[in-house]
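Asker: Can you read through this structure? Questions will come right after.
What follows draws every value from the coordinates through simple rules; no lab data is involved. What you are looking at is a predicted structure, and each value in this text was computed from that prediction instead of being measured. Every residue, glycine as well, gets a Cβ built from its backbone with ideal geometry; the counts of neighbours run over all protein chains shown.
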Amino acid sequence: MERSAPADPPEPSDDDLVARSRHGDTAAFDQLVVRYQRRIYSLAYNMTSSREDADDIVQETFTKAYRSLRRFHGRSSFYTWIYAIASNLALNLLRKRKRRPTASLDELDEEGFANDPAFVDTGLAGDTPRQVRMRELQERLNEALQELSEDHRAVVALHDIGGVPHTEIARILGVSEGTVRSRLFYARRILQGLLSDYL
């Protein structure tokens, strides 16, 4: 009788990794970084439209998170907490920036982020008509996001791209849940109008 191969151990939870990180286990924190760095990059890029700024925000986010672990009491999930840090960094950057350079989301292909669920899939072989349309949509979406105010872009990035619930976004941005819903509704109407010929 053949013995079945042992099952792989389950992935440690965020809470377990946070607890170990607090006790100096840097490998545990590295696991958290690997688990969330793509999502944080996605959020930062969609808010700033800059690869360089997104890279800086990712690095600063995890640096701040590591230094502040002892102040993280688990009232929200680690995922929401790390998103709050990243979104605040991005908002602060946008408020300081006088000009907003635009960039194509095609740049993400070079960094290996094109397959992230937060972005339109461009991993198609050959220059097919569908691939051309997807790339055009990416460019239009990026341009449309830049038409939004920082506050409206933030709620779109957090909710529609990051999947953060309204209640947590309200806590992150320091506004009421009704304000979050209102901004999201308004932002979606603007995006729908700007992208009407592609929808």
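Asker: Output the peptides 183-195, 18-30 sorted from most to least packed, where packing is the average of other Cβ atoms within 10 Å over each peptide's residues.
Answerer: 183-195, 18-30
Asker: Ok, one more. Quick one: 3J(HN,Hα) in Hz for the range 81-86, Karplus 6.51/-1.76/1.60 with θ = phi - 60°, rounded, Gly and Pro as x.
Answerer: Each residue's phi maps through the Karplus curve to give 4, 5, 5, 4, 4, 5 Hz.
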